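If you scroll down you'll find the structure; I have some questions about it.
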Amino acid sequence: SAVISQKPSRDICQRGTSLTIQCQVDSQVTMMFWYRQQPGQSLTLIATANQGSEATYESGFVIDKFPISRPNLTFSTLTVSNMSPEDSSIYLCSVLGTSTYEQYFGPGTRLTVT
Amino acid sequence: RKEVEQDPGPFNVPEGATVAFNCTYSNSASQSFFWYRQDCRKEPKLLMSVYSSGNEDGRFTAQLNRASQYISLLIRDSKLSDSATYLCVVNGRPGGSYIPTFGRGTSLIVHP
């Protein structure tokens, strides 16, 4: 298994500003994912972040709005840029197990945009 | 058709009941299947993997039916603490990637 931490755990931000969320894993992993989960909804994949390559974004998500960094095998950041109230959500990072492809999730970052 | 479909529920059952959830998937080439549990305001946590031969973990039994493209989760002797949302996850997209796809989850409420 993997232990994942995220910072910040929550934040309240003003519209038009940006927030960078950090995800730290206790072991080296190849594949990391960033998800968004809005109240009462399931998880929506934003992008896949592999070390050494550009992040791959899902339909409806673009790099200008959600730039991602993946400088090494244990760390990644997601920035939510030029925020609007519609960006209010929980943002979760996760990693993929190497042998059986199960996922481990960070505790999430609860973002409120006012 | 959505890639992974679940009945959102809620399933409202008394303690001690047996309850079953199904999840259908559209990609016949999918390779890995899982059930996750998500408590309110918490991150999802792996409940169990689903193997072709079916597998059991205590009160929980998971089964895979590749022909009909669905997986199931059976919970016996429900406890109050089983109340949560149960997410079905299927790995593998057309083209061969291992990107996981989540169902929207099935809500379970176990009452006294």
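The values are calculated or read from the model by the stated rules, or taken from the named source; none is laboratory data. The shown structure was predicted, so the numbers you read here are calculated from the model rather than taken from an experiment. Cβ coordinates were reconstructed from backbone atoms using ideal geometry, including for glycine residues, and neighbour counts include every protein chain displayed.
Would you confirm whether any residue within the range B:75-84 is buried (at least 19 other Cβ atoms within 10 Å of the Cβ), β-branched (Val, Ile, Thr) and either within 14 Å of another protein chain (Cβ to nearest Cβ) or within 9 Å of the chain's Cα centre (by Cα) (or both)?
Taking every residue of the range B:75-84 in turn, none turns out to be buried (at least 19 other Cβ atoms within 10 Å of the Cβ), β-branched (Val, Ile, Thr) and either within 14 Å of another protein chain (Cβ to nearest Cβ) or within 9 Å of the chain's Cα centre (by Cα) (or both).
Also, quick follow-up: If you take the residues in the range B:85-112 that are β-branched (Val, Ile, Thr) and more than 14 Å from chain A (Cβ to nearest Cβ), which one is surrounded by the fewest Cβ atoms within 10 Å (Cβ to Cβ)? Steps first, please.
Residues of the range B:85-112 β-branched (Val, Ile, Thr): B:85, B:89-90, B:99, B:101, B:106, B:109-110.
Narrowing further to those that are more than 14 Å from chain A (Cβ to nearest Cβ): B:109-110.
On the way: B:Ile109: 14, B:Val110: 20.
In this case the residue turns out to be B:Ile109.
Only one residue in A:Thr77, A:Thr48 is assigned to a strand (DSSP E or B), within 14 Å of chain B (Cβ to nearest Cβ), under 11 Å from the mean Cα position of the chain (by Cα) and of a type outside the set (Lys, Arg), so which one is that?
Details: A:Thr77 fails: within 14 Å of chain B (Cβ to nearest Cβ).
Matching residue, one of A:Thr77, A:Thr48: A:Thr48.
Just need a number here: residues in the range A:16-32 that are buried (at least 20 other Cβ atoms within 10 Å of the Cβ) and either of a type in the set (Lys, Arg) or modelled with pLDDT of 95 or more (or both).
3
Residue-wise test of (1) outside any strand (DSSP E or B); (2) within 12 Å of another protein chain (Cβ to nearest Cβ); (3) farther than 30 Å from B:Pro10 by Cα.
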residue	(1), (2), (3)
A:Val29	yes, no, yes
A:Arg36	no, yes, no
A:Thr44	no, yes, no
A:Glu54	yes, no, yes
A:Phe66	yes, no, yes
A:Pro71	no, no, yes
A:Thr112	no, no, no
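Also: Could you please let me know if A:Thr44 is under 20 Å from A:Thr100 (Cβ atoms) and either loosely packed, with under 14 Cβ neighbours inside 10 Å or not acidic (Asp, Glu) (or both)?
Numbers: under 20 Å from A:Thr100 (Cβ atoms): no; either loosely packed, with under 14 Cβ neighbours inside 10 Å or not acidic (Asp, Glu) (or both): yes.
Here the answer is no, as A:Thr44 does not meet what is asked.
Which residues, counting only those in the range B:66-87, are at pLDDT 95 or above and assigned to a strand (DSSP E or B)?
Scanning the range B:66-87 gives B:Ile71, B:Ser72, B:Leu73, B:Leu74, B:Ile75, B:Ala84, B:Thr85, B:Tyr86, B:Leu87.
Still on this structure, please answer the following. Hey, could you check the range B:25-47 for residues that are part of a strand (DSSP E or B) and without any contact (Cβ under 8 Å) to a residue 24 or more places away in the chain and say which is surrounded by the most Cβ atoms within 10 Å (Cβ to Cβ)?
Looking only at the range B:25-47, we keep the residues that are part of a strand (DSSP E or B), and these are B:25, B:32-38, B:45-47.
Subset that is without any contact (Cβ under 8 Å) to a residue 24 or more places away in the chain: B:45-46.
Values: B:Lys45: 14, B:Leu46: 18.
Ranking the qualifying residues of the range B:25-47, first place goes to B:Leu46.
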